Amino acid sequence: MHLSGKQFSFTDDPKGVNVPHVTLHINTDSIPKMTVCLRFFSQLQRTQGLFSLATRDHQNAVMLMKYDKGTYKVHVGSHTYDFQDLPTHLLDWNSVCWTWDSGTGLTQLWLNGLRTSQKLLGLNYSVSGDMSVIVGQEQDEFQGGYKQDDSFEGDITDLHMWSHIVSACDLRTYMNQGSIDPGNLLNWNNLSYKISGNVYIQDSDFKEPVC
């Protein structure tokens, strides 16, 4: 479905019965390198799952978590790294991109136009086989194991995933709301998805509306 100009809006379930999340269809069985970008708005400062890709071999094959005080944890299999003290907005949108290359082990995070230094993570790790992609939650098992305490609450838009490392120039363009080639693994403008729990599709207010 074409979601240009739209956003997923996640709200908490007071009864804790239906943990909100969105399942995305990804058409690949191998990811040797990748770039993931998305924009989110949330005023919660607790742990929140932004992007979770599980395989049958590992529930955290590729995962991006947001913690409080500007800390973001990235997972590649059993390998993890915490990027700390990153400038995160509580009253505005945040644009985040994450790159990772199995061949070199280099990984990097971009947030709101600024980048971190590159770190080593998951050198030669293989992400392959059946894949389950979830937005707004962490998978503690393949296609499941969701926890209310990890659920995202807020809005997500403009999610893309590429099977290569997007150039710094293009990442800066994405951060500045410019036009770049959409993701070839996940494309916000042509997305196959399934909504579970309290998630709603609304017009996005990321860009200033014309009233």
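For LYS66, go through the aspartates and glutamates and keep the ones whose alpha-carbon is under 13 Å away, minus same-chain ones fewer than eight residues off.
ASP82, ASP85, GLU138, ASP149, ASP150, GLU153
When GLU138, GLU153 are ordered from fewest to most other Cβ atoms inside 10 Å of their Cβ, what list results? Show your work: numbers first, answer last.
Details: GLU138 26, GLU153 16.
Ascending Cβ contact count within 10 Å gives the list GLU153, GLU138.
Give a residue-ordered list of calculated ³J(HN,Hα) values for the range 147-159 (Karplus: 6.51 cos²θ - 1.76 cosθ + 1.60, θ = phi - 60°; whole Hz; x for Gly, Pro).
Couplings: 10, 4, 5, 9, 6, 7, 10, x, 10, 9, 8, 6, 8 Hz.
Work out from phi, with θ = phi - 60° and the Karplus expression 6.51 cos²θ - 1.76 cosθ + 1.60, the ³J(HN,Hα) of each residue of the range 119-124, listed in order in whole Hz, and give x for Gly and Pro.
Per-residue couplings from phi come out as 10, 9, 7, x, 4, 6 Hz.
Order these peptides, 183-191, 170-178, 47-55, by their mean beta-carbon neighbour count within 10 angstrom, highest first.
On the way: 183-191: 18.4, 170-178: 15.6, 47-55: 23.4.
By packing density, highest mean first, the sequence is 47-55, 183-191, 170-178.
Quick one: Karplus J couplings for the range 101-107, per residue in order, coefficients 6.51, -1.76, 1.60, θ = phi - 60°, nearest Hz, x for Gly and Pro?
Per-residue couplings from phi come out as 10, 4, x, 9, x, 7, 9 Hz.
Give me the net charge for the shell around THR104: Cβ to Cβ below 15 angstrom, other residues only, Lys and Arg +1, Asp and Glu -1.
Numbers: positive: LYS33, LYS119; negative: ASP101.
Here the count lands on +1.
Show me the ranking of peptides 57-68, 139-150 by mean Cβ neighbours inside 10 Å, starting with the highest.
On the way: 57-68: 20.1, 139-150: 15.7.
Those peptides, ordered most packed to least, come out 57-68, 139-150.
Could you check how many percent of all C-alpha pairs in the chain are farther apart than 30 Å?
Details: 2855 of 22155 pairs.
That tail contains 13 percent of the Cα-Cα pairs.
Computed from the coordinates by the stated procedures, all read-outs in this text should not be read as laboratory data. Bear in mind the structure is a predicted one, so any value in this text is a computation, not a measurement. Please note: Cβ atoms are built from the backbone with ideal geometry, for glycine as well, and neighbour counts cover all protein chains shown.
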